[in-house]
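Asker: One structure coming up, written as structure tokens, with questions to follow.
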Amino acid sequence: MSDKHVIFGLHAVQAAVSRDSETIEQVYLEQDRRDERARQLEQQVRAAGLPLERVKRQTLDELTDHGRHQGVAAVARLPGPGDERSLTALLERLDTPPLLLVLDGVQDPHNLGACLRTADAAGVQAVIAPKDRACGLTSTVRKVASGAAEVVPFIQVTNLARTLRALRERGIWLVGTDLDAEQDLYQADLRGPLALVMGAEERGLRRLTREHCDQLVKLPMIGTVQSLNVSVSAGVCLYEALRQRRG
């Protein structure tokens with residue numbers, strides 16, 4: 001299933017044109033923007049055979065709901081989030097041990113976009129989040145993700161606890177991050193079928209989510225700060241998993 005979405009920001013639009021030009025219906029470029037990067041984008045769009053229109057900045061402001069569009073936007077038909085059935089189908093197709101990222105109630109679109117971008121870089125096969133009280137695939141998320149939102153399957157589930165139980169039944173090891181965990185990240189074995197479970201920006205993992213994890217780990221905090229942004233924590237954890245899996 002696909003819906004119309006507005007993609008904005010130079011990198012996000014460039015990535016969409018490069019990867020999924022067939023989904024783009026229209027590209028808009030600010031009429032007063034004539035710099036080299038704008039000319040490169042215009043050449044890229046025309047080479048892909050896509051319609052491009054020069055418009056006033058006010059038009060772009062209205063189209064992007066006053067987002068930081070950098071004078072560039074595109075309207076595209078993009079896949080929406082998957083659900084429990086699409087997650088099951090995805091897992092059944094895999095021929096390598098899964099590496100999944102579970103986000104328990106992340107509400108900031110910048111954090112979700114950054115998590116998707118890192119997930120793509122680290123080879124994550126799916127990012128899973130609850131439908132309720134959590135951020136979805138907004139235009140801001142897609143901009144921050146810089147193209148990753150279009151290639152990393154984003155799964156929204158009705159009941160996160162039930163989904164975690166289903167993952168465990170498939171033999172996927174659930175490792176959650178918790179400030180009070182006794183073991184730190186670098187002591188954990190992250191080489192097999194794995195889902196890393198990260199909490200929300202301030203409250204961390206919910207109690208029920210924490211109870212469904214097979215193992216809890218913490219990131220060693222040597223300085224004065226007590227916690228890291230969820231997207232930073234996700235990056236640290238995913239790349240430690242990647243390091244171990246490549247070793």
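Asker: Restricting attention to the stretch 24-54, which residues are touching an Asp or Glu at 6+ places or on another chain (Cβ under 7 Å) and hydrophobic (A, V, I, L, M, F, W, C)?
Answerer: Across the stretch 24-54, the qualifying residues are L29, L52.
Asker: Does V124 meet the test of being part of a loop (DSSP other than H, G, I, E, B), open to solvent by less than 40 Å² (accessible area, probe 1.4 Å) and within 22 Å of L208 (Cβ to Cβ)? Don't jump to the end; show me each part of the working.
Answerer: Details: part of a loop (DSSP other than H, G, I, E, B): yes; open to solvent by less than 40 Å² (accessible area, probe 1.4 Å): yes; within 22 Å of L208 (Cβ to Cβ): no.
Against the criterion (part of a loop (DSSP other than H, G, I, E, B), open to solvent by less than 40 Å² (accessible area, probe 1.4 Å) and within 22 Å of L208 (Cβ to Cβ)), V124 does not qualify.
Asker: I need the full set of residues from the stretch 1-57 which are under 26 Å from D120 (Cα atoms), of a type outside the set (A, V, I, L, M, F, W, C), outside any helix (DSSP H, G or I) and open to solvent by 60 Å² or more (accessible area, probe 1.4 Å), in order please.
Answerer: Within the stretch 1-57, D3, K4, E25 qualify.
Asker: I'm checking my understanding of the structure. Among residues of the stretch 146-181 that are assigned to a loop (DSSP other than H, G, I, E, B), under 10 Å from the mean Cα position of the chain (by Cα) and of a type in the set (G, A, S), which one is farthest from A16 (Cα to Cα)?
Answerer: S146
Asker: Could you tell me whether P130 is under 30 Å from V27 (Cα atoms) and either hydrophobic (A, V, I, L, M, F, W, C) or open to solvent by less than 60 Å² (accessible area, probe 1.4 Å) (or both)?
Answerer: no
Asker: If you don't mind, another one. Tally up the residues in the stretch 186-228 that are assigned to a loop (DSSP other than H, G, I, E, B), open to solvent by less than 70 Å² (accessible area, probe 1.4 Å) and in contact (Cβ under 8 Å) with a residue 60 or more places away in the chain, please.
Answerer: Within the stretch 186-228, residues that are assigned to a loop (DSSP other than H, G, I, E, B), open to solvent by less than 70 Å² (accessible area, probe 1.4 Å) and in contact (Cβ under 8 Å) with a residue 60 or more places away in the chain number 4.
Asker: Tally up the residues in the stretch 133-145 that are assigned to a loop (DSSP other than H, G, I, E, B), touching a helix residue (DSSP H, G or I) at 6+ places or on another chain (Cβ under 7 Å) and open to solvent by 30 Å² or more (accessible area, probe 1.4 Å), please. It would help to see each step written out before you state the result.
Answerer: Filtering the stretch 133-145 for residues assigned to a loop (DSSP other than H, G, I, E, B) gives 133-138.
Going one step further and asking which of them are touching a helix residue (DSSP H, G or I) at 6+ places or on another chain (Cβ under 7 Å), we end up with 135, 137-138.
Still in the running and open to solvent by 30 Å² or more (accessible area, probe 1.4 Å): 138.
Residues in the stretch 133-145 being assigned to a loop (DSSP other than H, G, I, E, B), touching a helix residue (DSSP H, G or I) at 6+ places or on another chain (Cβ under 7 Å) and open to solvent by 30 Å² or more (accessible area, probe 1.4 Å): 1 in total.
Asker: How about the stretch 17-46: which of its residues are within 22 Å of V141 (Cβ to Cβ) and modelled with pLDDT of 85 or more? Outline the logic, then answer.
Answerer: Taking the stretch 17-46 and keeping what is within 22 Å of V141 (Cβ to Cβ), we get 17-28, 41.
Hits for the stretch 17-46 are V17, S18, S21, E22, T23, I24, E25, Q26, V27, Y28, L41.
Asker: Something else about it: Any residue in the stretch 235-242 that is open to solvent by 70 Å² or more (accessible area, probe 1.4 Å) and at pLDDT 95 or above? Don't jump to the end; show me each part of the working.
Answerer: First pass over the stretch 235-242, keeping only residues open to solvent by 70 Å² or more (accessible area, probe 1.4 Å): 239.
Remaining after also requiring at pLDDT 95 or above: 239.
Yes: the stretch 235-242 contains one or more residues that are open to solvent by 70 Å² or more (accessible area, probe 1.4 Å) and at pLDDT 95 or above.
Asker: Also, I was wondering about something else. Suppose we filter A119, A114 for residues that are in contact with a strand residue (DSSP E or B) (Cβ under 8 Å, 6 or more places away or on another chain), touching a residue at least 12 places away in the same chain (Cβ under 8 Å) and either closer than 26 Å to S233 by Cβ or open to solvent by 10 Å² or more (accessible area, probe 1.4 Å) (or both); which single one remains?
Answerer: Working: A114 fails: in contact with a strand residue (DSSP E or B) (Cβ under 8 Å, 6 or more places away or on another chain).
So the residue among A119, A114 that is in contact with a strand residue (DSSP E or B) (Cβ under 8 Å, 6 or more places away or on another chain), touching a residue at least 12 places away in the same chain (Cβ under 8 Å) and either closer than 26 Å to S233 by Cβ or open to solvent by 10 Å² or more (accessible area, probe 1.4 Å) (or both) is A119.
The values are calculated or read from the model by the stated rules, or taken from the named source; none is laboratory data. Predicted model only: the values in this text are computed from it and were never measured. All Cβ positions, glycine included, derive from the backbone under ideal geometry; neighbour counts span all protein chains shown. When the accessible area is computed, the model is the full protein with side chains, heavy atoms only, and any ligands, DNA or RNA have been set aside. Shrake-Rupley method; radii C 1.70, N 1.55, O 1.52, S 1.80 Å.
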